[in-house]
Amino acid sequence: MKKKILAIVPAYKEEESIGAVLSSIRVHLPEADICAVDDGSPDSTYEKILATGVEPVRLPYNLGIGGAMQTGFRYAFENDYDIAIQIDGDGQHRPDQAQKLMGPLERGEANVAIGSRYLENTGYGSSFQRKVGSRIFAYILSMLTSQKVTDPTSGFRAFDKEAIRFFAHDYPEDYPEPEAIVLLHKVGLTFVEVPVTMEERSGGKSSITPIRSVYYMVKVLLAIFMEAIKKKESIKHIKAP
């Protein structure tokens, strides 16, 4: 049977890039429906999405990437999608790489596929602070999950039906990507990293400044350790039928 595929596109203040992102998804993932989530943007992001012919989900105020993604997961869950692919609205994630992420799911090798910039040398550049933070997260998550993690902050991910169901009910807030890896491990859902090529963001500005990167690192590390010690029974793991 043909699988139902949904591209979840969280967007906050991405008026410069969102149109090109949605157009690229239509070209490279013509089989996918699109759920574009305008996360309470104060600029013209909502209008730019409408101009592409996509009917966006508009949040009344900014919930952050966690809230925007959980909105997309709930949409995917309630509409019975088989695969959901996160493609951020800033232009970093290339839709032409999405097939690489879907492969492990379609072969039954994992519940979640994470696009990694660092499994192969793709020449991707990032700031010193981000490199240090990513390596620290990768080291800790590798220890906690007993599985090598190279790109813990990557948001370019594909989710199967059971992962969609789980994250529709329980997804981290703020900067959720590293914490979500711990959650997957805790409830017995599997993940695999897949080498992908990413771009620098094509518009707007990252919310993580050099000063905020220190705050971000501390906050995420605390969240990771809190998830690690949380009792499994407190997590809403809902098995697919």
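The values are calculated or read from the model by the stated rules, or taken from the named source; none is laboratory data. Nothing here was measured: the structure is a model prediction, and the numbers come from that model. Note: ideal-geometry Cβ built from the backbone for every residue, glycine included; neighbour counts use all protein chains shown.
When each of Ile164, Ile181, Ile136 is tested for being modelled with pLDDT under 95 and in a helix (DSSP H, G or I), the lone residue that passes is Ile136. Residues that are surrounded by fewer than 21 Cβ atoms within 10 Å (Cβ to Cβ) and acidic (Asp, Glu) within region 167-195 comprise Asp170, Glu173, Asp174, listed in sequence order.
Residues checked against (1) surrounded by fewer than 19 Cβ atoms within 10 Å (Cβ to Cβ); (2) touching a Pro at 6+ places or on another chain (Cβ under 6 Å); (3) aliphatic (A, V, I, L, M); (4) without any contact (Cβ under 8 Å) to a residue 40 or more places away in the chain:
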site: Leu6; (1), (2), (3), (4): no, no, yes, no
site: Pro10; (1), (2), (3), (4): no, no, no, no
site: Ala20; (1), (2), (3), (4): yes, no, yes, no
site: Leu29; (1), (2), (3), (4): no, yes, yes, no
site: Gln86; (1), (2), (3), (4): no, no, no, no
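Checked against the criterion of being surrounded by 15 or more Cβ atoms within 10 Å (Cβ to Cβ) and under 17 Å from the mean Cα position of the chain (by Cα), region 117-126 contains one or more residues that satisfy it. Within region 6-25, the set of residues being part of a strand (DSSP E or B) and of a type in the set (Val, Ile, Thr) comprises Ile8, Val9.
Within region 92-126, being within 11 Å of Phe156 (Cα to Cα) and in a loop (DSSP other than H, G, I, E, B) holds for Gln92, Arg94, Arg117.
Restricting attention to region 40-65, report how many residues are under 19 Å from Arg157 (Cα atoms) and surrounded by 20 or more Cβ atoms within 10 Å (Cβ to Cβ). Count: 1. In region 49-63, the residues that are free of Cβ contacts under 8 Å to residues at least 40 places away in the same chain and of a type in the set (Phe, Trp, Tyr) reach residues that are surrounded by 15 or more Cβ atoms within 10 Å (Cβ to Cβ) and part of a loop (DSSP other than H, G, I, E, B) with C-beta atoms within less than 8 angstrom, at least six apart or across chains, in these pairs: Tyr61/Gly40.
Report yes if some residue within region 60-80 is assigned to a loop (DSSP other than H, G, I, E, B), under 18 Å from the mean Cα position of the chain (by Cα) and farther than 21 Å from Tyr216 by Cβ; otherwise report no. Checking region 60-80: not a single residue is assigned to a loop (DSSP other than H, G, I, E, B), under 18 Å from the mean Cα position of the chain (by Cα) and farther than 21 Å from Tyr216 by Cβ.
Only one entry of Gly89, Gly203 meets the criterion of being touching a Ser or Thr at 6+ places or on another chain (Cβ under 8 Å), modelled with pLDDT of 95 or more, among the small types (Gly, Ala, Ser) and farther than 25 Å from Leu221 by Cβ, and that entry is Gly89. Scanning region 1-34 for residues that are touching a Gly at 6+ places or on another chain (Cβ under 7 Å) and more than 21 Å from Tyr175 (Cβ to Cβ) yields Glu16, Ala20. Annotation: Lys100 fulfils all but one of (1) more than 26 Å from Tyr61 (Cα to Cα); (2) at pLDDT below 95; the unmet one is (2).
Restricting region 31-45 to residues that are in contact with a Pro (Cβ under 8 Å, 6 or more places away or on another chain) and in a loop (DSSP other than H, G, I, E, B), the residue that is farthest from Gly66 (Cα to Cα) is Gly40.
Working carefully through the options Glu179, Glu109, Glu162, Glu193, find the one that is under 28 Å from Ala20 (Cβ atoms) and in contact (Cβ under 8 Å) with a residue 40 or more places away in the chain.
Glu193
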